[in-house]
């Protein structure tokens, strides 16, 4: 399926420092249209489009808005999640750099639909260099009179992967440690400061103006049965041409990594970031959509020179470092996995290690508090599925190395 | 601490800590104590927030903080070579600060510049597609 630009339509077309160039590209037409509709009608349109969250979880956007709209309470909040911490993901950085106006317009529409008077953009601290451009863009929109119903504030993170998780993100805005909350209650009923809150990823919001201008039916015709529209991918790793690209949902992995990014000698591809699924080269024609594998749209390519265990152990090291520590399965599970994988990479694996990894994976995925712990074992389980021989070889080598040192099997 | 911040309370705790980090290069015990008292939180709570986030530090850092990305996409593009170059150039290992207080070297998780791997942040500036020659030149620009 082809490249199609909905989200990135204005990127490198407009001047992100000049709102007039955005107005020339139908900027704020969608907002004007929305303001002529009832908030319920706006939500109905978004619901009918079947737009799903692009941050990784894929929750239906319209439903989220509707739940928050129906929640009681005069004060409601809208948060744009720009805490793009997922490993291998940089699409939101690209969007914020090249087209902040569509995002602001989308937030203005969303806030109108929710009757929220205050919105926040939670920007990760590592993107501090984007702050000035973003503030400037908001000021320009305000000066043109498009933000009379809404105040948009920017809150900066301070370096924490977990703050991309919505409940941790809200705790961070509240000035606390960014730890995941127990759910329910979910943010649309009780979110920021206990008030109904909608949290949308940058890319999700970027679809809103186009949906309103072209209609839900138009959007519905693009993509697969359960994944409508396009997806922006961040391609990196062993490719000739890394970067950001936008494809229709359901496009095949090889269209992105081979045809677009010119990867060669592929061993495997990780899709969705640190906790993303592993696709071996034999399955390179896998279509990417919510039905299969997608996540945040991070596409990291590994060529045949790469060692699976080295990669998995580094990934688990990352997750162990970034676990917020609130729930035991994730805090301890990632540490134990790291201990096992670290030993294996150093040639000190034990025959029972694979079984322990499998048992741990199972416990963590069913009992962790949030997505980090629930999905932490995916790269381990997937590589055990497709590259089990590498684990087994490493254990055999470990046994042999120990015998050379005159050590016993244990 | 300015009075207006005092009135704002807990929501601004993170912002206060970020401001202090920016101004003095770290968050001292004394600052933690003062802040706790002025916002009406326990020292333990303020300390908890100050030590949760990677970009906040309770230990003094150099004037310029180098954060080399160590995540997979940069690792695949030899981020280790970046660390080694800086180590050789400045004579400090990750986690250390030069004796003259000019640089601190840290390893960090994904900074969202995987299309420009290997990459690093120097203070708030992003530097990508790093090579040893390029790194030496970049360092010179930070007195």
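No value in this document is a laboratory result; all are computed from the given coordinates. Remember, it's a predicted structure, so these values are computed and weren't measured experimentally. A quick note on method: Cβ atoms are made from the backbone with ideal geometry, for glycine too, and the neighbour counts reach across all protein chains shown.
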Practice item. Grab the Cα-Cα distance for residue A:352 and residue A:37, subtract it from 0.36 nm times how many residues apart they are, and report the gain in nm with one decimal. Key: 107.1 nm
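Can you give the mean number of other chain Cβ atoms that lie within 10 Å of the Cβ atoms in peptide B:44-56? Walk me through the intermediate numbers first.
Working: counts 0, 3, 1, 0, 3, 7, 2, 1, 13, 9, 9, 9, 4.
Mean inter-chain Cβ contacts per residue within 10 Å come to 5.
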Check your understanding: What's the center-to-center distance, using Cα atoms, between the range A:19-81 and the range A:299-336 in Å?
Key -> 35 Å
Review point. Taking the Cα atoms only, what angle lies between the long axis of helix A:388-404 and the longest principal axis of chain A, rounded to 10 degrees?
Key: 40 degrees
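If you count, for each residue, the other Cβ atoms within 10 Å and average over each peptide, how do A:46-55, B:84-93 line up from highest to lowest?
Working: A:46-55: 22.8, B:84-93: 15.3.
So the order, starting with the most tightly packed, is A:46-55, B:84-93.
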Review point. Using a basic spin-label model with each label point 7 Å from the Cα along Cα→Cβ, how many nm lie between residue A:285 and residue A:307?
Key: 3.4 nm
Revision key, fill the gap. Rounded to the nearest 10, the angle in degrees between the Cα long axis of helix A:353-367 and the longest principal axis of the Cα atoms of chain A comes to 30 degrees
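Summarise the long-distance tail of P(r) for the range A:19-220 by giving the % of C-alpha pairs beyond 31 Å. Don't skip to the end; give the middle numbers.
On the way: 2140 of 20301 pairs.
Summing the P(r) of the range A:19-220 above 31 Å gives 11 percent of all pairs.
When you look at the Cβ of every residue in A:91-99, what mean number of other chain Cβ atoms sits within 10 Å?
Values: counts 2, 1, 6, 2, 0, 0, 0, 0, 0.
What the average comes to for A:91-99 is 1.
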Practice item. Among DSSP beta bridges whose residues both lie in chain B, state the antiparallel percentage, nearest 5. Key: 55 percent
Exercise for review: Can you tell me the relative contact order of the range A:230-303? Whole percent, Cα pairs under 8 Å, sequence separation 6 or more.
Suggested key: 39 percent
Exercise for review: Would you please report the Å³ per residue occupied by the convex hull of the alpha carbon atoms in the range A:188-280?
Suggested key: 148 Å³
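Restricting the count to DSSP beta bridges whose residues both fall in the protein assembly as shown, what percent are antiparallel, rounded to a multiple of 5? Walk me through the intermediate numbers first.
Numbers: 26 of 53 bridges.
Once the DSSP bridges in the protein assembly as shown are tallied, antiparallel ones form about 50 percent.
Using only atoms on other chains, find how many Cβ atoms lie within 10 Å of each Cβ of peptide B:64-74 and report the average. Show your work: numbers first, answer last.
Working: counts 0, 0, 0, 2, 0, 2, 4, 13, 17, 14, 4.
Mean shielding by partner chains, rounded to a whole number: 5.
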Review point. On a 0 to 90 degree scale, rounded to 10, what angle separates helix A:39-49 from the longest Cα axis of chain A?
Key: 40 degrees
Review point. At what distance in angstrom do the alpha carbon centres of the range B:59-137 and the range A:342-410 lie from each other?
Key: 31 Å
Exercise for review: Let me see the pair-distance distribution of the range A:45-141: every alpha carbon pair, 10 Å bin width, integer percents in order.
Suggested key: 14, 44, 34, 8
Review point. Which log10 I(q)/I(0) values, to two decimals, does chain A give at q = 0.07, 0.10, 0.14 Å⁻¹ under the Debye formula with one point per Cα?
Key: -0.35, -0.68, -1.24
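Taking every pair of alpha-carbon atoms in the range A:230-303, give the share separated by more than 17 Å as a whole percent.
Values: 780 of 2701 pairs.
So the portion of pairs separated by more than 17 Å is 29 percent.
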Point to revise | Net lengthening on full extension, residue A:362/residue A:401 (0.36 nm per residue, minus Cα-Cα) | key: 11.0 nm
Practice item. For the range A:179-336, just say rounded, prolate or oblate: build the C-alpha gyration tensor, square-root its eigenvalues into a ≥ b ≥ c, call rounded for a/c under 1.5, and beyond that prolate if a/b exceeds b/c, oblate if not. Key: oblate
Check your understanding: What is the extension gain from residue A:12 to residue A:343, computed as 0.36 nm multiplied by their sequence separation minus the C-alpha to C-alpha distance, in nm to one decimal?
Key -> 114.4 nm
Review point. Mind ordering A:79-88, B:134-143 by average Cβ neighbours within 10 Å, highest first?
Key: A:79-88, B:134-143
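Got the relative contact order for chain A handy, in percent, Cα pairs under 8 Å and 6 or more residues apart?
Values: 818 pairs, mean separation 69.7, N = 410.
Answer for chain A is 17 percent.
Let a ≥ b ≥ c be the square roots of the eigenvalues of the Cα gyration tensor of the range B:64-140; is it rounded (a/c under 1.5), or, if not, prolate (a/b larger than b/c) or oblate?
On the way: a/c = 1.65, a/b = 1.56, b/c = 1.06.
It is prolate, given that a/c is not under 1.5 and a/b is the larger ratio.
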Review point. Rounded, prolate or oblate: which one fits the range A:247-404, using the alpha carbon gyration tensor with axes a ≥ b ≥ c (rounded when a/c is under 1.5, else prolate when a/b beats b/c, else oblate)?
Key: oblate
Revision key, fill the gap. Bridge orientation stat for the range A:19-220 from DSSP, antiparallel percent rounded to 5, came to 5 percent
Practice item. Sort A:281-293, A:105-117 for me by packing, meaning the mean count of neighbouring Cβ atoms within 10 Å per residue, highest on top. Key: A:105-117, A:281-293
